[in-house]
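Chemist: Shown below is the structure under consideration.
The values are calculated or read from the model by the stated rules, or taken from the named source; none is laboratory data. Please read all numbers here as calculations on a predicted model, not as lab measurements. When we count neighbours, we look across all protein chains shown, and the Cβ atoms used for this are built from the backbone with ideal geometry, even at glycine. With ligands, DNA and RNA removed, areas are computed over all heavy atoms of the protein, side chains included. Shrake-Rupley method; radii C 1.70, N 1.55, O 1.52, S 1.80 Å.
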Amino acid sequence: MDSSPLATVVDHHPSSDCLSLGQSSSPSFPYYNDWKFQFPSDLKPKICITTSTSAGLEQILPWMFYHKVIGVGTFFLFVEGKAATPSVSKVLESIPGVKVIYRTKELEEKQANSRIWNETWLSSFFYKPCNYELFVKQSLNMEMAILMARNSGMDWILHLDTDELIHPAGGGEYSLRKLLHDIPRDVDMVVFPNYESSVERDDIKDPFTEVSMFKRNYDHLPKDTYFGMYKESTRGNPNYFLTYGNGKSIARVQHHLRPNGAHRWHNYMKTPKEIKLEEAAVLHYTYAKFSDLTSRRDRCGCKPTKDDVKRCFMLEFDRAAFIVASTATEEEKLNWYREHVVWTDKTIYLKLLRKGILTRIYAPSVIIEGLKESGVFASIIAKAPTTLSRDKFLASIESSNSSRESGAHLHPPRKIGRITEHHSQATVRKALEAVEFHELAVPPLSPPGPTVETSENNVVVDMR
């Protein structure tokens, strides 16, 4: 281990069992060099991440440089809102290996003529607001990112949100690059089951450094444990996880690759060979801050009724959270958040930790704290140019404005949110009636539910 501040932080972390890496109790971080993380051009495999974000630097920089530490060299950032403002985008533009794509009218028109817009596998998500609109936008951005990845000579492409971190457990090094290097050549896609943040306080400000407890995925648990502890694990919430439970996948960059929604990839010419990793995971920091309740509400203009939220959100917890955030007082919202999100009962969560439902993972917080103490983020901001070029500045302004226009009170972007007067019903019918078959897009899905026995006829119904 080198003598960098990050290495010092890792070496002196008090938890020797913070990572289940098998071979060693302390991980090695072979890719931590200087703050620019300029990897040798022959370092393989080459990994890129694509994301669609409106977040600020306080979230994007730790997310990005954490992934640089574990071996990701290239990022395709589709930005709007805060992420597209000149003060943020000028910093992102200055980072080696980062490509910033603004949501301009030109981009929307290009995507309106893209291949996947005219195919049926994504069409059931068209012309719907909020989460559905985001899902389509992510898929269209992923389609563009595939081409950029091919042109950049990438080997693997991963779609990840900026509230998600890859946890590359299962090898001697805490390295996504090493993990993918050992994947057999005939494997096209690798699924990372997701773990969900389990917060212990209601005043979290920085989830990446303050959260260490996670709920493990169904795929990483014995079925007897998962279903046996299901009631204690859900605490009266609609599902085992608050939000999605079907993980994220990374795909080899190859001919005919296409997105299959935000969680999966597919191929036009074959059924891809897919494997699921037994230890590595996506850490999803969902509803980790109390303010996440209102921030999600502010991005959606649906009515807070049980019927209307079904148009806007795919998952039950998101629907319930939106209604509470829209109708409750501050005190009621905080009480609801404590009851449904925060693990306040220490007896219960200690039991779930012993059973393996919950687990402690410290590596991300150690890495990100180390980056902060090293002055990485301050250095990046200080070294960024004071202004953008004229073209990038205008694109930045247009992109940040277009995000606001597609928010809570105005119309969503053309071609994504809902049918406008410029888009004919005939075109929609043509897309929906196309005879060419493609596997339907994989939406965010809840984890398996329990098997329940009905009292009326003693029939066991498998809810899975």
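Listed here are the residues, each with its yes/no results for (1) among the β-branched types (Val, Ile, Thr); (2) in a helix (DSSP H, G or I); (3) under 22 Å from Pro259 (Cβ atoms); (4) free of Cβ contacts under 8 Å to residues at least 40 places away in the same chain.
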{"residue": "Ile157", "(1), (2), (3), (4)": "yes, no, yes, no"}
{"residue": "Val191", "(1), (2), (3), (4)": "yes, no, yes, no"}
{"residue": "Glu196", "(1), (2), (3), (4)": "no, no, no, no"}
{"residue": "Glu200", "(1), (2), (3), (4)": "no, no, no, no"}
{"residue": "Thr209", "(1), (2), (3), (4)": "yes, yes, no, no"}
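Chemist: Considering only residues that are of a type in the set (Val, Ile, Thr) and assigned to a strand (DSSP E or B), look in the range 65-117 and name the one that is surrounded by the most Cβ atoms within 10 Å (Cβ to Cβ). Give the derivation first.
Modeler: Within the range 65-117, the subset of a type in the set (Val, Ile, Thr) is 69-70, 72, 74, 79, 85, 88, 91, 95, 98, 100-101, 104, 116.
From what's left, assigned to a strand (DSSP E or B): 74, 79, 98, 100-101.
On the way: Thr74: 21, Val79: 26, Val98: 16, Val100: 24, Ile101: 20.
So the residue we want is Val79.
Chemist: Taking the range 86-139 as the region of interest, how many residues are touching a helix residue (DSSP H, G or I) at 6+ places or on another chain (Cβ under 7 Å) and within 21 Å of Phe322 (Cβ to Cβ)?
Modeler: Residues meeting the conditions: 8.
Chemist: Then there's this: Name every residue in the range 186-213 that is β-branched (Val, Ile, Thr), buried (at least 19 other Cβ atoms within 10 Å of the Cβ) and farther than 19 Å from Leu242 by Cα, in order of residue number. Quick ask: steps written out before the conclusion?
Modeler: To start, the set of residues in the range 186-213 that are β-branched (Val, Ile, Thr) comprises 187, 190-191, 199, 204, 209, 211.
Then keep just the ones that are buried (at least 19 other Cβ atoms within 10 Å of the Cβ); that gives 190-191, 199, 204, 211.
If the condition is that a residue be β-branched (Val, Ile, Thr), buried (at least 19 other Cβ atoms within 10 Å of the Cβ) and farther than 19 Å from Leu242 by Cα, then Val190, Val191 are the ones that fit.
Chemist: Enumerate the helices (runs of 4 or more DSSP H) found wholly within the range 343-385, keeping only those where 3 or more residues are closer than 30 Å to Ser87 by Cα. Talk me through it step by step, then tell me what you get.
Modeler: Details: elements: 346-355, 363-373, 376-383.
Ranges flagged: 363-373, 376-383.
Chemist: When you scan the range 214-232, how many residues do you find that are β-branched (Val, Ile, Thr) and surrounded by 18 or more Cβ atoms within 10 Å (Cβ to Cβ)?
Modeler: Residues that pass the stated criteria total 0.
Chemist: How many residues are farther than 26 Å from Thr359 by Cα, touching a strand residue (DSSP E or B) at 6+ places or on another chain (Cβ under 7 Å) and among the acidic types (Asp, Glu) when one looks only at the range 142-189?
Modeler: Count: 3.
Residue-by-condition table, conditions (1) more than 22 Å from the chain's Cα centre (by Cα); (2) farther than 19 Å from Thr386 by Cβ:
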{"site": "Val88", "(1), (2)": "no, no"}
{"site": "Leu92", "(1), (2)": "no, no"}
{"site": "Gly97", "(1), (2)": "no, yes"}
{"site": "Glu106", "(1), (2)": "yes, yes"}
{"site": "Lys110", "(1), (2)": "yes, yes"}
{"site": "Asn113", "(1), (2)": "yes, yes"}
{"site": "Ile116", "(1), (2)": "no, yes"}
{"site": "Leu122", "(1), (2)": "no, yes"}
{"site": "Phe125", "(1), (2)": "no, yes"}
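Chemist: Given (1) of a type in the set (Gly, Ala, Ser); (2) touching a Leu at 6+ places or on another chain (Cβ under 8 Å); (3) modelled with pLDDT under 95, identify the lone condition not met by Ala280.
Modeler: Condition (3) is where Ala280 drops out.
Chemist: Something else now. Select from the range 159-171 the residues that are on the phi < 0 side of the Ramachandran plot and in a loop (DSSP other than H, G, I, E, B) and write down the one among them that is surrounded by the most Cβ atoms within 10 Å (Cβ to Cβ). Spell out how you get there, then give the answer.
Modeler: First, the residues of the range 159-171 that are on the phi < 0 side of the Ramachandran plot: 159-169, 171.
Restricting the remaining residues to those that are in a loop (DSSP other than H, G, I, E, B) gives 160-163, 168-169, 171.
Values: Leu160: 21, Asp161: 19, Thr162: 20, Asp163: 20, Pro168: 25, Ala169: 19, Gly171: 18.
Ranking the qualifying residues of the range 159-171, first place goes to Pro168.
Chemist: Consider the range 233-292. How many of its residues are open to solvent by 20 Å² or more (accessible area, probe 1.4 Å), closer than 21 Å to Pro168 by Cβ and of a type in the set (A, V, I, L, M, F, W, C)?
Modeler: Residues flagged as open to solvent by 20 Å² or more (accessible area, probe 1.4 Å), closer than 21 Å to Pro168 by Cβ and of a type in the set (A, V, I, L, M, F, W, C) within the range 233-292 amount to 3.
Chemist: Give all pairs with beta carbons closer than 6 Å in which a residue from the range 307-324 that is in a helix (DSSP H, G or I) meets a residue that is among the β-branched types (Val, Ile, Thr); count only pairs at least 6 apart in sequence or on separate chains.
Modeler: Close Cβ pairs satisfying both conditions: Arg319/Val309; Phe322/Val309.
Chemist: State the number of residues belonging to the range 276-302 that are under 12 Å from Phe322 (Cβ atoms) and either assigned to a strand (DSSP E or B) or in contact (Cβ under 8 Å) with a residue 12 or more places away in the chain (or both). Break it down stepwise before answering.
Modeler: To start, the set of residues in the range 276-302 that are under 12 Å from Phe322 (Cβ atoms) comprises 287, 292-302.
Subsequent filtering for residues that are either assigned to a strand (DSSP E or B) or in contact (Cβ under 8 Å) with a residue 12 or more places away in the chain (or both) retains 287, 293-294, 296-302.
Matching residues across the range 276-302 total 10.
Chemist: Which one of Gly417, Gly370, Gly356, Gly407 is under 24 Å from the mean Cα position of the chain (by Cα), modelled with pLDDT of 95 or more and more than 30 Å from Tyr230 (Cβ to Cβ)? Show your work before the answer.
Modeler: Values: Gly417 fails: modelled with pLDDT of 95 or more; Gly356 fails: more than 30 Å from Tyr230 (Cβ to Cβ); Gly407 fails: modelled with pLDDT of 95 or more.
So the residue among Gly417, Gly370, Gly356, Gly407 that is under 24 Å from the mean Cα position of the chain (by Cα), modelled with pLDDT of 95 or more and more than 30 Å from Tyr230 (Cβ to Cβ) is Gly370.
Chemist: Determine whether Gly170 is at pLDDT below 95, in contact with a helix residue (DSSP H, G or I) (Cβ under 7 Å, 6 or more places away or on another chain) and more than 30 Å from Lys303 (Cα to Cα).
Modeler: Values: at pLDDT below 95: yes; in contact with a helix residue (DSSP H, G or I) (Cβ under 7 Å, 6 or more places away or on another chain): yes; more than 30 Å from Lys303 (Cα to Cα): yes.
So Gly170 passes the test.
Chemist: So, one more: Taking the range 172-183 as the search range and keeping residues that are surrounded by fewer than 19 Cβ atoms within 10 Å (Cβ to Cβ) and touching a residue at least 60 places away in the same chain (Cβ under 8 Å), which one is farthest from the chain's Cα centre (by Cα)? Give the derivation first.
Modeler: Of the range 172-183, the ones surrounded by fewer than 19 Cβ atoms within 10 Å (Cβ to Cβ) are 172, 181-183.
Checking the rest, the ones that are also touching a residue at least 60 places away in the same chain (Cβ under 8 Å) come to 172, 181, 183.
Details: Gly172: 25, His181: 23, Ile183: 22 Å.
Among them, the one singled out is Gly172.
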